[in-house]
Each structure stands twice: as structure tokens, then as C-alpha cells.
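> Before I ask anything, let me first share the structure, which is written out below as C-alpha cells.
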Amino acid sequence: MEEKLEGILTRYRENEGNLISILQDIESEFGYLREDAINWVSERLDVPPAKFYGIATFYAQFHLKPRGKNVITACCGTACHVKGSERLINSLVKELAIPEGEETSEDLQFTVEKVNCVGACSIAPVIIVNKIVHGKMTPDKLMKEMKTLKEGKREYTDYI
Ligand code: FES
């Protein structure tokens, strides 16, 4: 970990970066903002950890908990809500065995996150699977997609 963080700090110093860029690099390197990484960087730069957490909790792009290999983003905006997004989300959480109150399965295979309107209301309800937008989603289509992911017939890298 320290070697990776040293690299991040070197880039930060060479490019006159800011704390946001450090957090982005940590998130990109580890998949989320590890507490030990924040503490390490905080000590090295003599910047209180609270300053990093203040930024991290302000921007939705940062995550303080590990995320799943597959990220399913469910739109909960008004149009999607009216078209049944809540039912889709409930079935997702059940199918992927996401513990109550959590976003990520214990095996770190799946994260289900809820977001506000993603700007595609005409094709509501919208579910984004590993950055690919699926409009007019139905429970059947969604379960088929999840089955494909679970069986490993489609990998995360197939999406990017
Ligand atoms: S409410 Fe879901 S895309 Fe707008």
C-alpha cells in the first residue's frame, strides 16, 4: 500500500495537485477510500484526516466502503419511481444477497447504489449496469442480466 501511496504523492507534488486529486487517485487505486490510506497521506502531508473526510463526504464520486466488482446503479428519480424502480431495486437486493442497510454483497461481487435522476427519464425506469445504461427495465430483463453476471458469462471488463 505504501508504495502505491508514495506514487500518488509524487504525482501530487509534480503536478501541483490538490487534495481532491489525491482522493481520486486513492479511490482509483484501491476502489474506495481506505481509512489507513487516508491516515497515511494525512500524516505525510500534515493535513488533518478530517479535511480529507470533509471532501470525501461532500462529493458523491468518493466511497468510504469497499465496492463490489459489479456496480449496479438504480435511478430513483420521480419518473423511474413512477415506473417501478423501487420494485426493481428490492428484487436486485434480494437476488444479489445484499445485507440490509448495505450497498455491497459480502463477497464483494455486487454493489447496488441508488441515485437521483440520471437524465434519461424518457426511458424510465433506468438501471445502469457497470456503466451501461439499460432503459425501460423490467424485472425479467433485470434478472436475466443479473444471472448472466453471476454466472460469469459477462465480466466487468466486457462493459468497459
Ligand atoms: S428519473 Fe430516472 S432517469 Fe430521470
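> Find, among the chymotrypsin sites (Phe, Trp or Tyr not before Pro) in segment 76-160, those assigned to loop by DSSP (not H, G, I, E, B) with at most 16 other beta-carbon atoms within 10 angstrom. Walk me through the numbers before you get to the answer.
On the way: sites: 110, 156, 159; in loops: 159.
Sites meeting the loop and neighbour criteria: 159.
> At what distance in angstrom do the alpha carbon centres of segment 102-147 and segment 1-62 lie from each other?
29
> Could you give the dipole magnitude of segment 2-58 about its Cα centre, charging the beta-carbon of Lys and Arg +1 and that of Asp and Glu -1, in debye to the nearest 20?
For segment 2-58, the charge dipole is close to 180 debye.
> Less than 20 Å apart at the alpha-carbon level, and either on another chain or at least 8 residues along: which aspartates and glutamates does that give for residue 4?
14, 16, 25, 27, 29, 35, 36, 43, 46
> Using only the alpha-carbon atoms, how far is helix 2-14 inclined from the longest principal axis of the chain? Give it as 0 to 90 degrees, nearest 10.
Roughly 80 degrees between the two axes.
> Hey, what angle do you get for helix 19-30 against the long axis of the chain, alpha-carbon based, 0 to 90 degrees rounded to 10?
Result, in degrees: 60.
> Give the span of the chain's Cα atoms along each principal axis, as three whole-Å numbers ordered largest to smallest.
Reported extents, whole Å, longest axis first: 52, 32, 29.
> Please work out the Cα convex hull volume for segment 2-58 and give it in Å³ per residue. Display every interim value, and only then the final one.
On the way: hull volume 4.0 nm³, N = 57.
Once divided by residue count, the hull of segment 2-58 is 71 Å³.
> Another question, if that's okay. What are the lysines whose alpha-carbon lies under 17 Å from the alpha-carbon of residue 114, with same-chain residues fewer than 8 places away excluded?
65, 69, 83, 94, 131, 136
> When the helix-only estimate is applied to the chain (DSSP H runs of n ≥ 4, each -39,500 (n - 2.57), divided by the residue count), what is the mean residue ellipticity at 222 nm, nearest 500 deg cm²/dmol?
On the way: 7 runs with 74 residues, N = 160.
It comes out at -14000 deg cm²/dmol, rounded to the nearest 500.
> Hey, another quick one. Ignoring GluC sites (Glu not before Pro) that are buried or in helix or strand per DSSP, and keeping those with at most 14 other beta carbon atoms within 10 Å, what is the longest stretch of the chain between them? All intermediate terms of the calculation are to be shown ahead of the outcome.
Working: sites that count: 16, 100, 102, 106, 151, 155.
Looking at the chain, 17-99 is the longest stretch - no exposed GluC sites (Glu not before Pro) with at most 14 other Cβ atoms within 10 Å.
> On C-alpha positions alone, give me the angle between the axis of helix 85-95 and the longest principal axis of the chain, in degrees, nearest 10.
Tilt relative to the chain: about 80 degrees.
> Next up: Across the Cα atoms of segment 75-160, what radius of gyration and what greatest pairwise Cα-Cα distance (Dmax) are found, in Å?
12.4, 35
> Any idea of the accessible area per residue across segment 53-118, 1.4 Å probe, to the nearest Å²?
Numbers: 3920 Å² over 66 residues.
Accessible area per residue: 59 Å².
The values are calculated or read from the model by the stated rules, or taken from the named source; none is laboratory data. Here the structure is a predicted model, which is why all the values come from computation and not from measurement. Virtual Cβ from ideal backbone geometry, glycine too; neighbours counted across all protein chains shown. In case anyone asks, the SASA skips ligands and DNA or RNA and just uses the protein heavy atoms, side chains included. Shrake-Rupley method; radii C 1.70, N 1.55, O 1.52, S 1.80 Å.
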